[in-house]
Structures are given as structure tokens and as C-alpha cells.
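The values are calculated or read from the model by the stated rules, or taken from the named source; none is laboratory data. Since we're looking at a predicted model, the values are computed, not measured. Please note: Cβ atoms are built from the backbone with ideal geometry, for glycine as well, and neighbour counts cover all protein chains shown.
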Amino acid sequence: MDKLILIKYGELTTKKKNRKTFIKTLKNNILKLGGNNITEICDMYDRMYIKTSNPILLVEQLKTIFGIHSIVICHKTETDIASIKQLIMNILKEKEFKTFKVETKRSYKQFPQTSMEVSRHLGGFILKNFISKVDVHNPELIVFVEIHKDYTYVYTDEIKGLGGYPVGIQGKGLLMLSGGIDSPVSGYLALKRGVDLECLYFESPPHTSIEAKNKVLKLADTINKYSGNIKVHIVPFTRLQEEIYKNVDPSYIITIMRRMMYRIATIVAKKNNCKVIINGESIGQVASQTLTSMIAINSVTNYPIIRPVACLDKLEIIDIAKKIGTYETSILPFEDCCTIFLPDHPIINPNLKRCEEMEQTFDYEKLIEECVSNIETIKKLEPDKFSELL
């Protein structure tokens, strides 16, 4: 029996005139993330077929690729009833089931039986050879048969894919990645909508440690398995952060710091052709994430900001973090620059005019220029290197 992988598109099928572009992007992503296990790939209008030397390993890789509705290991045979029956017999010998149904899709319309007739015929064959009965509403096993002119596919199990859009179809976004739980989840959700990522991390040595930096790099590497393209821009934020601490009302420190981060993020996003800035803000979760705070902080940029977890509660975000494998890293006890100078009573309803007045007390534009000109960019993540330092 010849085995191959069948990919079903799901949401891509709604794209009509743009469908070819979406399918091409998905195909390229599959070749990039699973290419070593692919011997041939054929993309069609409604599905994709992949020949592979290692179907089990390739399925695991395909589970990390957005744009796939479902994954099937299917079996190929000749297009005649005798060959189809023999194939079904070989497949079902390895299955345990009490109820079943047969679903036939016949793209080769010259086949002498209709889809319904084939399903009834094969259903009778299964009843004669296996102790079972038909259940069209809630079967334990579904036998799928796809009849083409020169070959027929048979399969029984569909593996749920991640859905969404192929990564990169929407261009790039700049993820403000901290060491917390929320921002990696936001990155994952942005990838699911087809936005490829570059990451921006603010470090403040000696106030933040090498462990804090490597924690963020490990988080970036974890979500990179869904992209394969992620690079990380590391901003030296120490001098600017210290000036904020010296010159700003303590209750406004976080607000002003976030305004500076947004200014820097806007410059980096434009420089790297990122179309949006993405962050992990969740409404009301901390003082800087009240709606009033968001207005005061957001006012420094006209760049589009997306907040994928804005309307999720903390438990929902944690559930996703555990699913994608970032949670255990996020809770490691290494502080980032957002927490090292955290005031006892941060303001929750900052006044925009007051923010602007405090910013005039020091030359922040020069300090921002210094931050941007000294950014370190890591284009290739090295998991072994930073994991040793955690």
C-alpha cells in the first residue's frame, strides 16, 4: 500500500480569487518546516498531497503549521472496486470498531457508480467481513474514499490541524516580547492569523540578568517552531530607564517607560518593514493596561497596534501558554525591565498632558536614538546556547 499525507485547507477555501496565493504560501511553509521528510508535494484547489519517507514524523511537523484544517495519512490504490475493497480490508484489519459509515467523494464522474452507490457497496462489504454495524450519525469509524481517474485514496483518521492562515500571508509584525506569560501567547495568536514575527526585547543590564535575556530567547525559540523565521532585536534600555526613574513622578514611571518603548518599537517596525506592532496587553490586568493608560501610552505612535489577548482573562491566556509550551519558561523567576522599577502605587488613569510635561525634563529623544543605534539583532536562535544559561 502506498501511503501519503493529505492536507485539507479549511479557512483558506473562503478566499476565492486569492486562494492560489494562500495555497502557495502554505506550500512554501510546509517545505520550509518539514522539507527534509518530503519527497513530493502536489497542491490542488481544495487540498494538498504529500509523499514522504517518514509519515509519522511529518505529521508531527505539520501539526505546527498554520493554515491546515486537518491532516490525514491516506492509502493509494487503483480506481476499481476490487482494489478499493482489498485496500479497505488491509486497513480495517488493524482497527477496532463496532460502528462505522463510508463517505465517498467521486471527482472522476465517469466512474460507473455514483458516490452514494459506492458507499452502499463498500458498506455491505465491510458488514460481511467485520463484526460491526452501520451508524450514519455517530460512528466509531468513518471510512473515507476519494475516487480519481487514475487512483483512489482511502483513509480513516483525520488529525486536527491548527487552522488559521499560513504564516507570512499578511506580512510581518513586530512583537514586543517580554519574559511574561502574555506576550508569547499574543505572538502565537498573531502567527495564526498569518502575521510573521520579529521580536523586540528591552534589556537593562545590570538591573536585568543574562538569565532574563535567555528566558526571552527561549520563548522566541518556542514560538519560532510555528514560523521558522523569527529574529529578535534586543534594545539596550538601561540609560533611558534610569533617566525615567530619576526624572519622573514614581507613579508615572511605568506609563512613561511604556511610551518610550512604543516610540522605539515604531522606529524598529518601520526599519524592518513590519506592518503592525503586537503586544501582550490584556485590558485591566495591570495599571498600564487600563483603557485610560492605553490612550496615554498609545498616543506616541500612529502605527497600528494589535493586542491578541486584550479580551482574554488570565486563566484563558495560561491555558494557551501551556498548550504551546511557553508557560513553564514564562514563570521562571528572572525579572525583566518592566518589573525592576515597579512603583508601589502606579497610576491607573494617567493624564496625557502630565506625561508630556514630565518627558520634557530630560532629553529622551537623544536616549532613544542611542537605544536604537545599539540594538543587537539575533537572526538565528541557538537553543542549546541560551538554555545552558537558564
Here the residues within segment 364-390 that are part of a loop (DSSP other than H, G, I, E, B), loosely packed, with under 14 Cβ neighbours inside 10 Å and at pLDDT 95 or above are 374
Can you find even one residue in segment 197-204 that is in contact with a Phe, Trp or Tyr (Cβ under 6 Å, 6 or more places away or on another chain), of a type in the set (S, T, N, Q), in a loop (DSSP other than H, G, I, E, B) and at negative phi? yes
Being assigned to a loop (DSSP other than H, G, I, E, B) and under 19 Å from the mean Cα position of the chain (by Cα) is the filter here; which residues of segment 287-308 pass it? 307, 308
From 85, 128, residue being surrounded by 15 or more Cβ atoms within 10 Å (Cβ to Cβ) and either over 25 Å from residue 163 (Cβ atoms) or basic (Lys, Arg) (or both): 85
When segment 272-286 is checked residue by residue, the ones that are farther than 21 Å from residue 181 by Cβ and part of a loop (DSSP other than H, G, I, E, B) are 272, 273
Can you tell me which residue in segment 314-337 is nearest to residue 268 (Cα to Cα), limited to those that are over 17 Å from the mean Cα position of the chain (by Cα) and surrounded by fewer than 20 Cβ atoms within 10 Å (Cβ to Cβ)? 335
Need the failing condition index for residue 311 against (1) surrounded by 14 or more Cβ atoms within 10 Å (Cβ to Cβ); (2) within 25 Å of the chain's Cα centre (by Cα); (3) without any contact (Cβ under 8 Å) to a residue 40 or more places away in the chain, just the number. (1)
Note: among 336, 344, just one is outside any helix (DSSP H, G or I) and either farther than 23 Å from residue 236 by Cβ or at pLDDT 95 or above (or both), namely 344
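Considering only residues that are farther than 20 Å from residue 107 by Cβ and buried (at least 18 other Cβ atoms within 10 Å of the Cβ), which ones fall in segment 39-54? Step through it out loud before you land on a result.
Narrowing segment 39-54 to residues farther than 20 Å from residue 107 by Cβ: 39, 52-54.
Scanning segment 39-54 gives a single hit, 52.
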All positions within segment 226-243 that are free of Cβ contacts under 8 Å to residues at least 60 places away in the same chain and surrounded by 15 or more Cβ atoms within 10 Å (Cβ to Cβ): 238
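In segment 287-300, which residue that is surrounded by fewer than 17 Cβ atoms within 10 Å (Cβ to Cβ) and touching a residue at least 12 places away in the same chain (Cβ under 8 Å) is farthest from residue 181 (Cα to Cα)?
Here the residue is 299.
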Say whether the condition of being assigned by TED's automatic domain parsing to the domain that holds residue 270, crowded, with 21+ Cβ neighbours inside 10 Å, within 30 Å of residue 31 (Cα to Cα) and not small (Gly, Ala, Ser) is met by at least one residue in segment 200-210. yes
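At least 3 residues that are within 22 Å of the chain's Cα centre (by Cα) and without any contact (Cβ under 8 Å) to a residue 24 or more places away in the chain in each: list the strands (runs of 3 or more DSSP E) lying fully within segment 19-132 that qualify.
Values: elements: 38-43, 47-52, 68-77, 99-106.
Ranges flagged: none.
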So residue 242 fits all but one of (1) closer than 30 Å to residue 164 by Cα; (2) not in a loop (DSSP other than H, G, I, E, B); what number is the exception? (1)
Within 27 Å of residue 170 (Cα to Cα) and either in a loop (DSSP other than H, G, I, E, B) or within 29 Å of the chain's Cα centre (by Cα) (or both), is that true of residue 257? no
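Each row is one residue, and each column tells you yes or no for (1) in a helix (DSSP H, G or I); (2) crowded, with 24+ Cβ neighbours inside 10 Å; (3) at pLDDT below 95.
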| site | (1), (2), (3) |
| --- | --- |
| 136 | no, no, yes |
| 143 | no, no, no |
| 146 | no, no, yes |
| 153 | no, no, yes |
| 175 | no, yes, no |
| 179 | no, yes, yes |
| 185 | yes, yes, no |
